[in-house]
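The values are calculated or read from the model by the stated rules, or taken from the named source; none is laboratory data. Here the structure is a predicted model, which means the values were calculated and not measured. Cβ placement follows ideal geometry from the backbone for every residue including glycine, while neighbour counts extend to all protein chains displayed.
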Amino acid sequence: MNDVERALQTFYSMKLSDIMPLVISMPIVTLDSPIVDVLKLLRTRHHVWVVSDKESMKLEGVIRYLDVMCILLPPENTKARFGNISAIFKSILGGAEKAADVMEHNIMAIDENATVLDALTKMRRYKVQILAIIDEKGTLKGEISLRLLIDEFLRLMKIGGVQWTQHGSSSRSEWH
Amino acid sequence: MDATWILFTLGVALIFGKLGDHIMERFELPGVLGEILMGMILGNLIYFGIIKPEYLALHSNETFEFLARLGIIFLLFLGGLDTDVEMLKKTGGVATVSTIMGVFIPLLLGYFGLKLMNYPSREAFAGGVLLTATSIGITVRVMMDLGVLRSDVGAASLSASVMDDFLGIALIIFAVGTGSVLGLISKMAIFFIITGLVAWYTIEKYIHFSEWLHVEKGVLGMVLALMFLFSALAEHWFDAAIEGAFMAGLVLSKLPEGKRIMDDIRAIAYGFLVPVFFVYTGAMLDLRVFTSFDALSLAGVLTAIAVIGKVLGRGVGAMAMGWNVKKALQMGIGSIPRTEVALVDLMVAIHGGAIPQSDAPKFIAATLIFITVSVIITPPLLKWAFKEEVESMKKGKTEKRVEAVKETKRRIFSLKRPRKRP
């Protein structure tokens with residue numbers, strides 16, 4: 001078994017709780033945050049979590065990078081037809097002002113005891129790049145992103161010059 | 001019929017449907033009208049004997065008819081999936097009351113109007129249901145052009161249109177359902193317990209089971225299976241498969257997994273089956289029906305009620321919640337357009353027997369006329385209703401521009417003025 005295969009075997013069996021970043025380093029806004037704050041975060045991140053408030057950290061939704069298209073496009077360009085109405089509400093010209101107006105309520109989540117292989121399988125199955133880690137009360141505990149998994153794999157391979165901290169992501173805090 | 005010609009018809013229907021969609025979008029009209037128009041042209045090539053029916057399987061072909069019905073099922077499934085239950089819960093009072101009034105007033109006016117024209121009760125009720133659901137697309141476009149989409153009228157119109165579809169779809173059960181009212185209500189209760197309550201609480205386990213299978217597109221396959229099973233149940237009990245498809249979509253809409261498969265469903269629906277349904281619907285319209293006085297009078301009555309009933313219903317509802325006449329009128333006019341759900345209800349009513357086959361051509365013609373009229377008259381009416389707001393916005397912008405120019409001149413002047421040296 002060569003180094004790559006060995007690294008992959010270890011990689012697959014890693015628990016998500018061991019590699020997920022600290023909540024403080026994650027891109028998070030509250031329900032009433034202006035869309036501009038969301039867009040500022042999305043310049044450098046692929047998603048933004050929306051929580052009810054900073055104390056309870058109850059996860060309410062997510063805004064993904066690709067959602068920016070619906071936010072910025074005029075509603076007419078979304079071809080408002082039956083079965084495609086919800087996109088209208090996400091447009092700034094359609095009346096969206098706050099994070100709550102543009103977020104996706106349904107959040108793809110995974111258990112913190114799941115493995116990297118489980119996370120990758122789920123990401124592939126549903127074509128998502130980010131999974132939330134929440135507890136039974138719906139409190140945001142962490143996240144697993146494709147970027148994080150790439151970094152972790154490169155760290156295992158001891159290549160790529162990834163500077164790794166104890167809790168995964170080395171990103172600065174992105175509270176808004 | 002030879003499979004070759006069914007495949008050929010499918011190809012032709014899709015090409016013409018998409019072309020029609022494109023042409024109508026160019027004229028800023030709903031694309032669905034283009035698909036219907038193309039279907040009408042193709043269908044009448046057969047009715048007028050220009051093309052032999054064996055070469056274009058648009059009429060009396062079980063396969064094509066079944067695919068069109070599948071199109072309705074997929075459309076409604078997609079409608080359910082697209083629903084945001086959380087947002088529905090937050091719908092404001094004005095939107096809720098005006099939606100309810102905006103559904104029931106056209107329904108009652110339609111029912112009594114058709115009864116006066118000597119249509120039997122069941123058929124009259126089905127005719128009324130056709131007038132209930134609004135299509136928001138054209139209103140959104142015009143309101144956005146006018147810059148009033150973000151007003152309270154715009155916001156209420158958007159949320160009302162979602163609820164309105166919901167009611168329009170639910171009410172068709174009463175038109176096509178047979179047996180006693182009590183029996184129908186009991187069946188409905190059981191149906192909603194199974195497809196609503198039970199499915200709502202067990203759907204997560206079902207999706208986890210689908211994931212556990214670890215097969216290619218396993219979740220999609222299992223989700224489609226659920227849609228078909230619910231549709232079968234609704235078809236068996238109410239002759240309205242759409243109710244099952246809509247409920248399956250609605251239940252799945254609460255899960256992120258459900259939302260993530262929407263793109264796959266949309267690809268099947270809008271890439272294949274939905275255009276087939278609209279072309280098929282258009283093809284059912286035999287233009288010779290317009291020589292009949294009955295068809296024209298039905299079209300006239302339904303069109304008048306479609307317009308007046310909605311404006312009156314939504315408007316009265318909004319006024320009852322404290323809005324003034326002007327805003328109520330704006331809200332009412334925004335709800336005039338009808339497209340997809342009216343056609344879906346029409347087809348369900350015909351297939352379910354609520355509208356007998358002998359009257360089907362008249363109802364198809366009348367529905368297509370009131371749909372066309374409703375989408376054509378809405379933009380100028382909305383422009384008229386929002387005239388003052390648009391003018392005051394323009395005036396405000398001009399004043400702001402004048403102020404900005406003055407401010408710039410003042411700054412330039414202060415920069416040019418030589419500073420006193422100490």
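Taking the stretch B:244-284, which residues are in contact with a Ser or Thr (Cβ under 9 Å, 6 or more places away or on another chain) and not in a helix (DSSP H, G or I)?
Within the stretch B:244-284, B:253 is the sole residue that qualifies.
Specify the residue that is surrounded by the fewest Cβ atoms within 10 Å (Cβ to Cβ); the eligible residues are those in the stretch B:92-133 that are farther than 23 Å from residue B:177 by Cα, β-branched (Val, Ile, Thr) and under 19 Å from the mean Cα position of the chain (by Cα).
Residue satisfying both the conditions and the ranking: B:96.
Which residues, taken from the stretch B:13-50, are surrounded by 18 or more Cβ atoms within 10 Å (Cβ to Cβ) and among the β-branched types (Val, Ile, Thr)?
B:32, B:36, B:46
For the stretch A:46-56, enumerate the residues that are crowded, with 19+ Cβ neighbours inside 10 Å and more than 14 Å from chain B (Cβ to nearest Cβ).
Scanning the stretch A:46-56 gives A:48, A:51.
Touching a Phe, Trp or Tyr at 6+ places or on another chain (Cβ under 8 Å) and either over 13 Å from residue B:39 (Cα atoms) or of a type outside the set (Gly, Ala, Ser) (or both): does that describe residue B:289?
Answer is no for this residue.
For residue A:41, all conditions in the list (1) within 21 Å of residue A:121 (Cβ to Cβ); (2) outside any strand (DSSP E or B); (3) modelled with pLDDT of 90 or more hold save one; what is the number of the exception?
Status for residue A:41: all satisfied but (1).
Within the stretch A:119-134, take every residue that is more than 14 Å from residue B:256 (Cβ to Cβ) and free of Cβ contacts under 8 Å to residues at least 12 places away in the same chain and give me the one that is nearest to the other protein chains (Cβ to nearest Cβ).
Here the residue is A:121.
Can you name the residue in the stretch B:19-60 that is of a type in the set (Gly, Ala, Ser) and more than 10 Å from residue B:283 (Cα to Cα) and, of all such residues, is modelled with the lowest pLDDT?
B:60
Of the residues that make up the stretch B:204-220, is at least one surrounded by 20 or more Cβ atoms within 10 Å (Cβ to Cβ) and closer than 30 Å to residue B:8 by Cα?
No, that holds for no residue.
Looking at residue A:88 and the list (1) touching a helix residue (DSSP H, G or I) at 6+ places or on another chain (Cβ under 6 Å); (2) at the interface with chain B (Cβ under 8 Å from one of its Cβ atoms); (3) within 24 Å of residue B:209 (Cβ to Cβ); (4) assigned to a helix (DSSP H, G or I), which single condition is not satisfied?
For residue A:88, the exception is condition (3).
Could you look through the stretch B:348-362, keep only residues that are surrounded by fewer than 24 Cβ atoms within 10 Å (Cβ to Cβ) and not small (Gly, Ala, Ser), and pick out the one that is farthest from residue B:310 (Cα to Cα)?
Taking the stretch B:348-362 first, the residues surrounded by fewer than 24 Cβ atoms within 10 Å (Cβ to Cβ) are B:350-353, B:356-362.
From what's left, not small (Gly, Ala, Ser): B:350-351, B:356-357, B:359, B:361-362.
Values: B:350: 24, B:351: 26, B:356: 26, B:357: 28, B:359: 25, B:361: 25, B:362: 22 Å.
Restricting to residues being surrounded by fewer than 24 Cβ atoms within 10 Å (Cβ to Cβ) and not small (Gly, Ala, Ser), the top hit is B:357.
For the condition away from chain A (no Cβ under 14 Å) and either more than 19 Å from residue B:348 (Cα to Cα) or part of a helix (DSSP H, G or I) (or both), what is the one hit in B:203, B:190, B:207?
B:190
Quick one: how many residues across the stretch B:247-290 are of a type in the set (Ser, Thr, Tyr) and more than 10 Å from every other protein chain (Cβ to nearest Cβ)?
Final tally of qualifying residues: 2.
Can you tell which of B:79, B:71 is buried (at least 22 other Cβ atoms within 10 Å of the Cβ), at pLDDT 90 or above and in a helix (DSSP H, G or I)?
Numbers: B:79 fails: at pLDDT 90 or above.
The unique qualifying residue is B:71.
List every residue pair whose Cβ atoms sit under 6 Å apart, with the two residues 6 or more apart in sequence or on different chains, where the first one lies in the stretch B:148-170 and is within 7 Å of chain A (Cβ to nearest Cβ) and the second, anywhere, is of a type in the set (S, T, N, Q) and in a helix (DSSP H, G or I).
none
What residue, of A:18, A:67, is at negative phi, within 14 Å of chain B (Cβ to nearest Cβ) and outside any strand (DSSP E or B)?
Working: A:18 fails: within 14 Å of chain B (Cβ to nearest Cβ).
Selected residue: A:67, the only one of A:18, A:67 that is at negative phi, within 14 Å of chain B (Cβ to nearest Cβ) and outside any strand (DSSP E or B).
Mind telling me which of the residues A:36, A:4 ends up being assigned to a helix (DSSP H, G or I) and either at pLDDT 90 or above or of a type in the set (Lys, Arg) (or both)?
Only one candidate qualifies: A:36.
Can you tell me how many residues in the stretch B:65-120 are within 14 Å of another protein chain (Cβ to nearest Cβ) and farther than 23 Å from residue B:246 by Cα?
1
Among the residues in the stretch B:327-339, are any within 24 Å of residue B:150 (Cβ to Cβ), more than 23 Å from the chain's Cα centre (by Cα) and touching a residue at least 60 places away in the same chain (Cβ under 8 Å)?
yes
From the list B:28, B:62, which one is farther than 30 Å from residue B:258 by Cα, away from chain A (no Cβ under 14 Å) and acidic (Asp, Glu)?
B:62
Kindly evaluate residue B:299 against the criterion of being part of a helix (DSSP H, G or I) and under 20 Å from residue B:132 (Cα atoms).
Yes: the conditions hold for residue B:299.
Can you pull out the residues in the stretch B:121-147 that are in a helix (DSSP H, G or I), within 12 Å of chain A (Cβ to nearest Cβ) and among the hydrophobic types (A, V, I, L, M, F, W, C)?
Matches in the stretch B:121-147: B:138, B:140, B:142, B:143, B:144, B:146.
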